[in-house]
Amino acid sequence: MEGFEEVQRFRQKWLWALVLSPFILVFASFYIQNSFQGLPVMIAALAATVGFLYSVKLNVKVEDDGIHIKLFPLHLKDRVINFDEIESFSAEEYRPIREFGGWGLRWRPGKIAYSTGGSKGVRIKREGKRDVMIGSRKPEKLAEAIRDMKSDEF
């Protein structure tokens, strides 16, 4: 059977506006006060913040041995959900802010989420382990790939 791969990044315009707004205000205050003491520190902080957010990449792959999830640079190695530990899964719409407190790598009691935006994904229920929500722009295709690979397992 054919696998699945999806790469997602934080590229939402509203997110970048939210991240850059405080820096623009601070730079404006430097200019208005005509004092640039501390400006190199602000530039370094801006570069580090933008560099980190721009480098974040969620890679989801469905392969023969399971579902591989890597949220780079937080994960250097794939996290693998083996097919035999999956009780159930479904493509669904969810509420990232209400359910997980936002996007990224998010933990809540009994569940964990990996997402870079949006409100669609695949929820995976596992026996004796945390449920996993994988954000996806193609949740139906991700669920179909899991279904196909999981059925090939037997």
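The values are calculated or read from the model by the stated rules, or taken from the named source; none is laboratory data. None of these values were measured; they are calculated from a predicted model. Virtual Cβ from ideal backbone geometry, glycine too; neighbours counted across all protein chains shown.
When we screen 32, 67, 24, 43 for residues that are surrounded by 13 or more Cβ atoms within 10 Å (Cβ to Cβ) and either outside the structural domain of residue 135 (by TED's automatic domain parsing) or touching a residue at least 12 places away in the same chain (Cβ under 8 Å) (or both), the only hit is 67.
If only residues of segment 46-64 that are surrounded by 14 or more Cβ atoms within 10 Å (Cβ to Cβ) and outside any helix (DSSP H, G or I) are counted, the one that is nearest to the chain's Cα centre (by Cα) is 58. Checked against (1) modelled with pLDDT of 95 or more; (2) more than 21 Å from residue 4 (Cα to Cα); (3) under 13 Å from the mean Cα position of the chain (by Cα), residue 134 meets all criteria but (2). Residues that are surrounded by 14 or more Cβ atoms within 10 Å (Cβ to Cβ), in a strand (DSSP E or B) and of a type in the set (Asp, Glu) occur in segment 128-144; there is at least one. Touching a strand residue (DSSP E or B) at 6+ places or on another chain (Cβ under 7 Å), modelled with pLDDT of 95 or more and of a type outside the set (Val, Ile, Thr): does that describe residue 61? So residue 61 fits the description; yes.
Residues in segment 73-123 that are within 24 Å of residue 151 (Cβ to Cβ), in contact (Cβ under 8 Å) with a residue 60 or more places away in the chain and in contact with a Lys or Arg (Cβ under 7 Å, 6 or more places away or on another chain): 83, 86.
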